[in-house]
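Working notes, structure below.
Values in this text are rule-based calculations from the coordinates and carry no lab data. Everything quoted here is computed from the prediction, not taken from an experiment. Here the Cβ positions follow ideal geometry from the backbone for every residue, glycine too, while neighbour counts run over all protein chains shown.
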Amino acid sequence: MYFATIGRPGCITYNNTCVASCPEHMHRVDSECRPTPSQRTCDEPVAMPMGVICDWSRCDCDFPFVLHLPSGYCFAYEDCP
């Protein structure tokens with residue numbers, strides 16, 4: 001199993017940038033040193049296990065939406081560009 005410590009304290013990752021809070025229609029996901037799922041995206045709508053990750057936070061789309069990586073916006077899967 002993969003184990004990693006990444007990120008900066010107080011940093012939430014969104015669009016490869018450190019942000020203070022997540023945009024509308026997104027929520028914060030904290031890894032908390034436990035098995036962490038991948039982000040659901042237009043290209044990969046099913047979350048896959050990434051292993052145990054510590055000290056890392058990211059913004060995920062609210063369910064049932066998925067992230068369109070090029071734009072950084074959340075879409076219903078069937079509406080992905």
**Request:** Let me know the whole percent of all Cα-Cα pairs from the chain that are separated by more than 22 Å.
**Result:** 23 percent
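Once you charge only the Cβ atoms, +1 for Lys and Arg and -1 for Asp and Glu, what is the size of the charge dipole of region 3-79 about its Cα centre, to the nearest 20 debye? Walk me through the numbers on the way to the answer.
Working: 5 positive and 10 negative charges, 63 e Å.
Dipole about the Cα centre, nearest 20: 300 debye.
Would you list Cys42, Cys11, Cys59 from fewest to most Cβ contacts within 10 Å?
Listed from fewest to most nearby Cβ atoms, that is Cys11, Cys42, Cys59.
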**Message:** Suppose a student asked you for the relative contact order of the chain, using Cα pairs under 8 Å spaced at least 6 residues apart; what percent would you report?
**Reply:** 34 percent
**Prompt:** Taking amide hydrogens as modeled 1.01 Å from N in the peptide plane, which residues meet the under 5 Å criterion relative to Ile53, leaving out close sequence neighbours?
**Reply:** Ala4, Cys33, Arg34, Thr36
**Message:** Taking the beta-carbon count within 10 Å as an exposure proxy, list Asp79, Asp30 from fewest neighbours to most.
**Reply:** Asp79, Asp30
